[in-house]
Amino acid sequence: MNYKSPVYNVISVPIEKISPNDYNPNSVATPEMKLLYESIKEDGYTMPIVCYYNKESDNYIIVDGFHRYRVMLENADIYEREGGMLPVSVIDKDLGNRMASTIRHNRARGSHDVDLMSNIIKDLHELGRSDEWISKHLGMEPEEILRLKQLTGLISLFKETDFNKSWIPDDEMNALNEELSEELYCKIKKKIRKKMNESN
């Protein structure tokens, strides 16, 4: 059987039947949101948003494209012009794999929020995903996963991790965590840029 990408089956969905997910680590600054609005105003929707269809609620949950959804939601001119309909590409995956898909989309664009990324790592662990699974499906190094787990402050995420017996005072640890958060953010962005350059 030949594989057919979801983009070949784009459907038109009323925005009222679309809902954001609660785990998206991507954030867009106000100037970029204005630029996205102008782009959609001038060129229309050139890319579908990616959703999972929930049969129980007869609702589409966003996996990628939240900000394109927001443009229609927050701008009456776009809503009216499009007749309140958004182009949607549907994927059928369980929650853990949908979360991984969201992160892959965001990382490929080089945009995400470190705090929200750490929360997703926590959520994936609660869904039973191992560090190895996260590393494979999110394209993360073990060190990145460890740093994101540290940011959550939840001891339960480290039950299978061996630590040395050294101790760091709370104030030093807080300062270290802030430094690591910024360092991790820069490191991930650098890796993404490198991969994008290699593919061009």
* Structure fact -> Among the residues of the range 55-76, the number that are of a type in the set (A, V, I, L, M) and surrounded by fewer than 19 Cβ atoms within 10 Å (Cβ to Cβ) is 3
* Between residues in the range 57-72 that are in a helix (DSSP H, G or I) and residues that are acidic (Asp, Glu) and at pLDDT 95 or above, which pairs lie under 9 Å by C-beta distance while being six or more apart or on different chains? -> Met72/Glu82
* Only one residue in Tyr3, Tyr79, Tyr52 is surrounded by fewer than 18 Cβ atoms within 10 Å (Cβ to Cβ) and modelled with pLDDT under 95, so which one is that? -> Tyr3
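The values are calculated or read from the model by the stated rules, or taken from the named source; none is laboratory data. Remember, predicted model here, so these are calculated numbers, not experimental data. With ideal geometry, Cβ positions are generated from the backbone for all residues, glycine too; neighbour counts draw on all protein chains shown.
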